[in-house]
Structure formats: C-alpha cells, structure tokens
C-alpha cells in the first residue's frame, strides 16, 4: 500500500496513487482508442473530443453515484468532482460514459456499435490501471484470507487495518503494525482486465458483426466482477436471492440480456 506515490520536488505536491493511475488509464485508453478509430475508418480528430467528453462525464457520474449512496458526503457541487479512492462507483461511471459516448457518436453520424467496439479495449485497460490504483490506495480490499498463498497484508492505518481492528481484533496480535491477511482482490481484478483485453483482441480478429467486441467484453466483465471479484471483497453485500446479492442478481439478468443480443 502506497497512497502517495511521490512528492514533486520543490513544490511539495503529493501525487496520490489512485489519481495517478486513473489519469494514466485515461491517457493510455485515449491513445488506444484513437489508434483503433483509424483502423475502423473513423476520423481521430472527430472521435478524440467524444472520448474526452464521455470520460469526463463518466468520472463525474461515478462520483455522483457514490455520493447518492452516501448522502452524508455531499458538501455542495464541488464535492461531485472530488475524485478519491474508495469514493466512486466505477460501474455507474462506465454506464454514464457509454451513454454520452453513444449519443455523441450518433449525432456526428458514427455507427454507435462500431464505436463501442473501439472503446472496449480502452475499457479493459482502464479496469487494469484503476484497480492497480485501488491496490496502492488500499481501498476495496479483500476478505480475510487466513493462510491463503496469494494473501497480502496492509499497514497500520490502512482501511483493512482499521476494519480488522473493529471486527476481527481477536485474531490480531497485540501491537501488530499490519492488517490480517486478505485476498489481493484488486490485483485479481487487474489480471482479469488483462484477460479482458486479450479477449477484445481475439474477438476483434474474428468479428462477425458490429458490437461483438463490446458485447463479448461486457459479458466477460459482468461475470468476472460479479462472480469472481465481488465474492472475495470485504465489502460484498449479503445475499438476498438465494446465494446471490443484489449486484450478482442484476449482473445475471444483464448477462442474459447481452447473451440474447449477442446471439
């Protein structure tokens, strides 16, 4: 865990890990999107503003959705653009970005489903870097892992340490300066993002219809997020529909819809 990556010499500005990795994700995704735009026959000069506007809308949407879920955090309009680790709802942000992006693409006579195919690899890259940022910030940490081989421990003061002091103090050694072992679920998610990127490349080379790359990645992401990452997160909600929580039930419904569209 390293919430502050470094401090700019002479200025004293602390560069937060989460913000750094989100910014890096946007830059890499922007370059990837423009490259694929050319191969799709789109004008990069026209599509660049579409990407920037939709990314900005997505970031604000992710923050606003989190504030709606945590109304005590609202402190005026400025609080909606405060982008900190653990205070955003990434899924909502992606949904907002896709709506804005598709609407703008339609307005400038660009085929939305073809444009979504261009965006799919960028979404996968964004997932990788955003989850790396969450790991360094120590947010969205995993469940208690016991002696699991791939477990990690976070230092004193981290969200995991604070939570374990509150709920699992009986398992912690007196005077310890680290949390209990937890699943590095952020790194699992980043690895799944890499697999999602590979899937996008593979499907793109065999694409039968516009939108197939996006739909394939969408189904992969929903399944990975709901049934691989979420069960291992410490903040996973309780089951409400058999073994499924609300997020998993919603993901299962969306997977069925996307599967029907894909067919």
For region 1-21, what are the residues that are within 22 Å of residue 60 (Cβ to Cβ) and either more than 15 Å from the chain's Cα centre (by Cα) or crowded, with 20+ Cβ neighbours inside 10 Å (or both)?
-> 15, 16, 17, 18, 21
Out of region 231-254, which residues are buried (at least 16 other Cβ atoms within 10 Å of the Cβ) and modelled with pLDDT of 90 or more?
-> 232, 233, 234
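Within region 26-48, track down each residue that is without any contact (Cβ under 8 Å) to a residue 24 or more places away in the chain and within 27 Å of residue 87 (Cα to Cα).
First, pick out the residues of region 26-48 that are without any contact (Cβ under 8 Å) to a residue 24 or more places away in the chain: 27, 31, 34-35, 38-39, 41, 43-45, 48.
The answer is 27, 31.
Within region 134-150, restricting attention to residues that are surrounded by 14 or more Cβ atoms within 10 Å (Cβ to Cβ) and either out of contact with any strand residue (DSSP E or B) (no Cβ under 9 Å at 6 or more places or on another chain) or farther than 29 Å from residue 14 by Cβ (or both), which residue is modelled with the lowest pLDDT?
Applying the first criterion (surrounded by 14 or more Cβ atoms within 10 Å (Cβ to Cβ)) to region 134-150 yields 134-145, 148.
When the remaining residues are screened for being either out of contact with any strand residue (DSSP E or B) (no Cβ under 9 Å at 6 or more places or on another chain) or farther than 29 Å from residue 14 by Cβ (or both), the result is 134, 139, 143-145, 148.
Working: 134: 92, 139: 91, 143: 95, 144: 94, 145: 92, 148: 82.
That would be 148.
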Region 244-262 residues that are assigned by TED's automatic domain parsing to the domain that holds residue 92 and more than 15 Å from residue 221 (Cβ to Cβ), paired with ones that are assigned to a strand (DSSP E or B) and modelled with pLDDT under 85 (beta carbon under 9 Å, 6 or more apart) | 249/241
Given the residues 114, 160, 191, which is the only one that is touching a strand residue (DSSP E or B) at 6+ places or on another chain (Cβ under 7 Å) and either crowded, with 23+ Cβ neighbours inside 10 Å or assigned to a helix (DSSP H, G or I) (or both)?
-> 160
If you check every pair at least six apart or on different chains, which have Cβ atoms under 7 Å apart with a residue in region 188-214 that is assigned by TED's automatic domain parsing to the domain that holds residue 152 and farther than 20 Å from residue 224 by Cα first and a residue that is at pLDDT 95 or above and exposed (fewer than 13 other Cβ atoms within 10 Å of the Cβ) second?
-> none
Matching residues, region 194-220, being within 13 Å of residue 131 (Cβ to Cβ) and crowded, with 22+ Cβ neighbours inside 10 Å = 196
Taking region 169-183, which residues are exposed (fewer than 13 other Cβ atoms within 10 Å of the Cβ) and either part of a loop (DSSP other than H, G, I, E, B) or out of contact with any strand residue (DSSP E or B) (no Cβ under 9 Å at 6 or more places or on another chain) (or both)?
-> 169, 170, 173, 174, 175, 177
Out of all the residues in region 47-54, is one or more assigned by TED's automatic domain parsing to the domain that holds residue 213, part of a helix (DSSP H, G or I) and in contact with a strand residue (DSSP E or B) (Cβ under 8 Å, 6 or more places away or on another chain)?
-> no
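The values are calculated or read from the model by the stated rules, or taken from the named source; none is laboratory data. Predicted model only: the values in this text are computed from it and were never measured. Backbone-built Cβ (ideal geometry, glycine too); neighbour counts: all protein chains shown.
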